[in-house]
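What follows is a set of notes on a single structure, which appears directly below.
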Amino acid sequence: MSDTIPLGTIAHSRSGDKGNHANVAIIAFNQAGYDWIKQHVTVETVGNYFKNLGASKVERFEAANVWGLNFMLYDALAGGASRSLRIDTQGKALGQAVLAMQMPKPADLQTMTM
Amino acid sequence: MRSSLRIGNGCGFWGDNVDAPIELARDGQLDYLTLEYLAELTMSILALLKQRDPTAGYAHDFLGVLKRLVPTLKAQPQLKITTNAGGMNPSACGKQARAILDQAGLNQYKVGIVTGDDLFPRLDELLAAGHPLTNLDTGEPLSKVRDKIVSANAYLGSQPIVEALQAGANIVITGRVADACLTVGPAVHEFGWKWNDWAKLSSATVAGHLIECGAQATGGLWELWDSTPDFANVGYPIADFTPNGDFVITKPKNSGGAVNRQTVAAQLLYEVNNPAAYYTPDVVSDFTSIAVNDLGQDRVQITNAQGQPAPEKLKVSIAYRDGFMSNGTLAIYGGNAAEKARKAGLVLLDRLKRAGFTYARTNIETIGAGSVVPLSPGGRGSGGEGEISEVLLRVTVHDQNKAAVERFTKEFAPLVTAGPPGTTGYTTGRPSVKEVFAYWPALIDRSAVQGKVAWE
């Protein structure tokens, strides 16, 4: 579809675990992209995208200095590193998954790509 | 005072690249080599090893690394090492390190041992003294799991590491310390910072955090994986400090990988909660305060770190026994592979139920059909299962009853003849049964924990 883009067009990511909680950092390629994701990539967007993980709460933190948004997905790892029944026990793949999230295409997309 | 300080991390976790510390020490022009071995639950495994053998319970990979480092230590006598390889038994680790050094003729090397993190022998005393060690996530009282606990360790700060370095240690072996302290300790010692130089402590904490996972700062997991130079020869990270705490992240010349704004930004936010308040025993570091300046040529400069006073409480990591787990896999090939795999998984669990075995928790995954990240229907990889011609079936169970989990491991092989067509890949034998240790995070008053230094 031409009116949406995968988030990975304008951002990269990294994810991992803190006990049974996952963190998913989404980092824009530049300031224009950060301004856009700050407005459009919200607790609701990310929480809904990952709703099958069963997080008890989703929280967003801003790190404007590195054009990053850090999402905490509490209790989202089905037990965490030692107890999870999933192959991705530590949420390492969540960062790649979130880059596939379809977002409305920004009007000035060319200013945000790498 | 020295004008610069180069600290490199050659190990990000127990199981990391065993050549990395040797190459980094050889090529990195380092003042300090740090080696980080302890993940959240590593201590529980080490605690059990120590129960069986009082001379075990540390990350023994370190000893192999130390043997291989001997020529480098002889060529670079100023090089020092800080490591948490001591795990649950820093003094036993130190004794072995001592023997290796003596055998190599490095008798003059002083090995400092940091202890005081192990709260397990003191648990009842601490509970009686009014330290509840309540679960930080759930609010539950420790009494709920008291009789199942196998380890309890406070995260020590940098002070005992600095004490050991001031007394002349060449190698400092610790148990549980906050990971960044392996970097913060040397910086405080070499630059003579004070314990209330919050901005400097914060900067060194950022550096320690950036390098603690090894190659993750130097091109590992980078989004541009297909254009990362010489990926197989990835260089491990170095923090090159100036006395005011500012530093440059880099890697050895002629190594592979990459250090740039993206690799550093991604690692800055890795396994972080609120980046404006990263808690360690030394300082509350504000990762959002730093300025990141990509200098090019695999050099990224970090300046302007700000920090708040150290927290009153220390984090405690407790592990307790939580039953048994096992998982097994089979490859499923042909049309409707994902559906066939799911069916095979259900058949397996149904057979166990008929044999009298049920499980507290079970999970069936169809790897290749969207199971690695279970997104909602319509998410990537979860639609059009009928089109997928091969998946890996993975079934996992968890229960307190070990016999039930053992029986589970015997149910994969029969599916090779009794399952859906296209079932294959049973070549690795029966899955193993693992004892499960659950994680219980807590806090404790700083005054209840004393880091100590001993010598080997």
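Overall, the protein assembly as shown carries a charge dipole of about 1260 debye about its Cα centre when +1 sits on the Cβ of Lys and Arg and -1 on the Cβ of Asp and Glu, all other atoms neutral. Straightening the chain between B:Ala418 and B:Arg52 buys 127.6 nm, computed as 0.36 nm per residue apart minus the Cα-Cα spacing. Listed peptides B:110-120, B:360-370 appear in the order B:110-120, B:360-370 once ranked by packing, highest mean of other Cβ atoms within 10 Å at the front. Extension gain for B:Asn196 to B:Phe231 (0.36 nm times residue separation, less C-alpha to C-alpha distance): 8.5 nm.
Mean per-residue shielding of peptide A:76-82 is 5, counting Cβ atoms of other chains within 10 Å of each Cβ. Annotation: the residues B:Ser203, B:Ser151, sorted from fewest to most other C-beta atoms within 10 Å of their own C-beta, follow the order B:Ser151, B:Ser203. Label-to-label distance for A:Glu62 and A:Asp108 is 1.7 nm, based on points extended 7 Å past Cα in the beta-carbon direction.
The residue list B:Ala97, B:Leu73, B:Pro121 was ranked by how far each Cα lies along the charge dipole of segment B:50-123 toward its positive end, using unit charges on Cβ atoms, and B:Leu73 comes out on top.
DSSP assigns beta bridges within chain B; of those with both partners inside it, close to 80 percent run antiparallel. Computed over neighbours whose Cβ is under 13 Å from that of B:Val449, the net charge equals +1, Lys and Arg +1, Asp and Glu -1.
For B:Ser203, neighbours were defined as the other residues whose beta-carbon sits under 12 Å from its Cβ, and their charges (Lys and Arg +1, Asp and Glu -1) total -3. Computed about the Cα centre, the dipole magnitude for segment B:388-456 is approximately 60 debye when only Lys and Arg (+1) and Asp and Glu (-1) carry charge, each at its Cβ. Out of every Cα-Cα pair that segment B:115-223 contains, those further apart than 19 angstrom amount to 58 percent. When the charge dipole of the protein assembly as shown is built from unit charges on Cβ atoms (+1 for Lys and Arg, -1 for Asp and Glu) and taken about the Cα centre, the candidate among B:Tyr426, B:Thr83, B:Ile173 whose Cα reaches farthest toward its positive end is B:Tyr426. With neighbours defined as other Cβ atoms within 10 Å of a residue's Cβ, the residues B:Tyr109, A:Tyr74, B:Tyr236, B:Tyr37 order from fewest to most as A:Tyr74, B:Tyr109, B:Tyr37, B:Tyr236. Over the C-alpha trace of chain B, radius of gyration and Dmax come out as 24.4, 74 angstrom.
Residue ranges A:96-107, B:388-399 sort as B:388-399, A:96-107 when ordered by packing (mean number of other C-beta atoms within 10 Å per residue, highest first). Taking every residue in A:18-29 and counting other chain Cβ atoms within 10 Å of its Cβ, the average works out to 4. Compute the orientation-averaged projected area for chain A from the convex hull of its Cα atoms and round it to one decimal in nm². Projected area, direction-averaged: 6.8 nm². Taken along the Cα-to-beta-carbon direction at a fixed 7 Å, the label points for B:Ser447 and B:Glu435 span 3.7 nm. Would you report the distance distribution of C-alpha pairs in the protein assembly as shown as whole percents per 10 angstrom bin, up to the bin with the largest distance? For the protein assembly as shown, the binned pair fractions read 4, 16, 25, 26, 19, 8, 1, 0 percent.
Of all DSSP bridge pairs formed entirely within the protein assembly as shown, close to 85 percent run antiparallel. Beta bridges from DSSP with both residues in segment B:1-156: antiparallel share about 10 percent, rounded to the nearest 5.
For B:Asp147 and B:Ala99, the FRET efficiency from 1/(1 + (r/R0)^6), where r spans their Cβ atoms and R0 equals 41 Å, is about 0.65. Legend: mean number of C-beta atoms from other chains within 10 angstrom of residue C-beta atoms, peptide B:260-269, equals 6.
FYI, it's all coordinate maths here, none of it is from the lab. From a predicted model like this one, the values you see are computed outputs, not experimental measurements. All Cβ positions, even for glycine, are placed from backbone atoms using ideal geometry, and neighbour counts span all protein chains on display.
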